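Just so it is clear, none of the values below were taken in a lab; they were calculated from the coordinates. The shown structure was predicted, so the numbers you read here are calculated from the model rather than taken from an experiment. Backbone-built Cβ (ideal geometry, glycine too); neighbour counts: all protein chains shown.
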Amino acid sequence: MPIEAVIAALTAAVLHAVWNALVKGGGDPLLDLALVWGGSALVALLCLPFVEAPIAAAWPYLLATLLIHLPYGLLLAAAYRAGSLSHVYTVARGTPPMLIAIATALFVETLKPGQYLGIGIISLGILVTGVAPHAPVRATLLALCVAVTIAGYSILDGLGARASGEPIGYAVWFFVLMGAAFAALVAGWWGVRPLARYARANWRRAAIGGPAGALGYGLVLWAMSFAPVAGVSALRETSVAIAVFIGWWFMGDPMSKRRVTGAVLVLVGAAVLKFT
């Protein structure tokens, strides 16, 4: 793993945990997710004149990941309604790295044994860190469904970023389209006026979460354009340790020796992945 990819993925991990905490900590996860992604779309719109449109070969991936992100957003909001940040975020983000590693090994790229070991340790550490033994079954099932969508769009994003030849431009166009599509979906569900009222009262979530989401996504796509997709994904999911800390410090989620042990495993797995 090139050091640039490691730094990009770990920075994206922090940014990802921040915007997810904003979504979970708000008044309604679905509306807050629409605000965050809408904020990301505004940031991307400002960048649009400075990037080139993706080439034709990248558009099938871009449209496919866009279609997967719509159910991903709906499922994520439903999961956050049903369970805590620490539990939902952990299951949703801890399961995909191994799914991605298996899928990319079958269809895209093969990793070294040590890299698979690092991904496995990270996945184990993530699950140990945040899985709550007595969590609501509904929250767990929804989080697993979220995990499947994450694995799907992560692979598509990696392939799309490489096909585009310009991962930042790919990310900018994605967020413009994604923000518009998801806002239209939520507005159709809740109504334009209720969404506008909610946005006026909670605009700070968009102001903070929007840039965080856009920058984090761009960093991941840039890293995936030259580093293994499974490795970048696994490092990005170290955000679980950050999300667990945020959930404990700000939202009252319990902390335990098990979660500390899981966080240590995540760090060990990241080290193995970097140096193999």
Computed [θ] at 222 nm, deg cm²/dmol, the chain (DSSP H ≥ 4; -39,500 (n - 2.57); rounded to nearest 500): -28000 deg cm²/dmol
At 1.002 mPa s and 20 °C, Stokes D of the range 131-244 from Kirkwood alpha-carbon radius, µm² per second: 131 µm²/s
Whether the range 195-276 is rounded, prolate or oblate, judged on the alpha carbon gyration tensor where a/c under 1.5 counts as rounded: oblate
Spin-label model distance (nm) - residue 226 vs residue 50, 7 Å beyond Cα toward Cβ: 2.0 nm
Cβ-derived FRET efficiency at R0 30 Å, residue 215 paired with residue 271, nearest 0.05: 0.75
Axial C-alpha extent at least 15 Å, average Kyte-Doolittle at least 0.0 - helices from the chain (DSSP): 3-24, 29-47, 59-82, 96-107, 113-130, 137-164, 167-190, 203-224, 239-251, 257-275
Two-site label geometry, residue 63 and residue 81: point separation in nm, points 7 Å out along Cα→Cβ: 3.1 nm
Cα pair count fraction exceeding 35 Å, expressed as % - the chain: 11 percent
